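The block underneath contains the structure these notes are about, expressed in C-alpha cells.
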Amino acid sequence: MKTGVLLMAHGAPERIEHVEAYLRRVLIRRPPTPEFVAEFVERYRRIGGVSPLLRITREQATALEKRLGLPVFVGMRNWGPFIADAVTQARAEGVGRLVGLALAPQYARASVGAYHAALEKTGMPSVLVRSWHLEPALLEFWRKATAGKDFVLFTAHSIPSEGAEPYPAQLAEMAEAIATGPHALAYQSRSPSPVPWLGPEVPELLPRLQGAVSVAPIGFVSDHLEILYDLDILHRGQAETAGLSWERLPMPNADPLLVEALASAVGKVL
C-alpha cells in the first residue's frame, strides 16, 4: 500500500476580501460582528494583506517530501486547501494510507484533535502523530535561537482551560528542555469567549518583566497572523510601552532542523 504524509494546519485567508468568510467558518457558534471583521481586516492589512501560512506550509511539505522520499500533501482545517481536498489529491495519486501530522508540536484536543477528526472523517486509512514537542531537532532549533539571551519568554496559543491537558504540560516540558537561563511561559491570541482560557496571557506577564525580552513562540512552527501581528505589533507595542526591549526570535518555517523533526516524527509511526 502506497503511503503518504499529510501536513495539517489551521488555515488562513490568502486575500483580505476572504477574511469575513474565513471568520464565519472559524467562529461557528458566535458569528463575527461587522466590527470584529473590520478589526481582523486591519490586522491583515498591517501584515501586508496576506498570511504566509500556506506558502510556508507548502515549502515545509516540499522539503519533507525530499527528505522522506514519500509524497507529502498539505491540508488546512479552516481554509483551502482543506484536509478533505488533500485526501482527494492523495487518492488520485494512488496513496492508500496517510500519516497525519499537525503542524502544532503539542497535543490539544481543540486543535490537533480537531485536525485528526477531520482526517478520520474522510475515511482514508491513516496513522496519526499525536505530539512531537520533544523531537531533538526541534529542541535544537529553539536552543540555538535562544542561546545567549538574557530572558526568554516562551509563548503558545491559549485554549479553553477545561480539557486542555496535556497541552500546558507539554509546553512546560518543552520550555524546560530548551531553556538555559531565566525564562517564563505565557499564552497569546485568545479568542473571544465567556469560558476560562489558559494563562497567564502575555499582557498580564509584561509588568513583571524588565530589560530585554526575547520571545520564542514554541507553540507555533511558522510565521502567520498570530506571530506577525499578535507578537510583532500588538505585544511589541505593549512591551515597549512598559519600558521593555522586545525581540521576537525567528520561526522554524522550513529550516532543515524543523524538517528533520517532522521526518523523525513521521518515522516513529510508519
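Table for the structure above
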| quantity | calculated |
| --- | --- |
| Scan of segment 119-140 for residues that are part of a loop (DSSP other than H, G, I, E, B) and either of a type outside the set (Gly, Ala, Ser) or surrounded by 20 or more Cβ atoms within 10 Å (Cβ to Cβ) (or both), ordered by number | Thr122, Met124, Pro125, Arg130, Trp132, His133, Leu134, Glu135 |
| Residue pairs meeting the criteria (Cβ under 7 Å; at least 6 apart or on separate chains; first closer than 17 Å to Leu64 by Cα and in the same structural domain as Pro125 (by TED's automatic domain parsing), in segment 1-14; second surrounded by 24 or more Cβ atoms within 10 Å (Cβ to Cβ) and among the aromatic types (Phe, Trp, Tyr)) | Met8/Tyr115 |
| Matching residues in segment 229-270 - criterion: being assigned to a helix (DSSP H, G or I), surrounded by fewer than 19 Cβ atoms within 10 Å (Cβ to Cβ) and β-branched (Val, Ile, Thr) | Ile233, Thr241 |
| Yes/no for Pro105 being within 27 Å of Met174 (Cα to Cα) and either modelled with pLDDT of 95 or more or not aliphatic (A, V, I, L, M) (or both) | yes |
| Selection count where residues are part of a loop (DSSP other than H, G, I, E, B) and either on the phi > 0 side of the Ramachandran plot or in contact (Cβ under 8 Å) with a residue 12 or more places away in the chain (or both), scope segment 149-172 | 10 |
| Qualifying residue in segment 115-123 (condition: under 23 Å from Pro192 (Cβ atoms), in contact with a helix residue (DSSP H, G or I) (Cβ under 9 Å, 6 or more places away or on another chain) and modelled with pLDDT of 95 or more) | yes |
| When residues of segment 141-170 are limited to those that are more than 24 Å from Gly267 (Cβ to Cβ) and charged (D, E, K, R), the one surrounded by the most Cβ atoms within 10 Å (Cβ to Cβ) | Lys149 |
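The values are calculated or read from the model by the stated rules, or taken from the named source; none is laboratory data. Just so you know, these numbers come straight off a predicted model, no measurement behind them. As a convention, Cβ positions derive from the backbone with ideal geometry for all residues, glycine included, and neighbour counts pool all protein chains shown.
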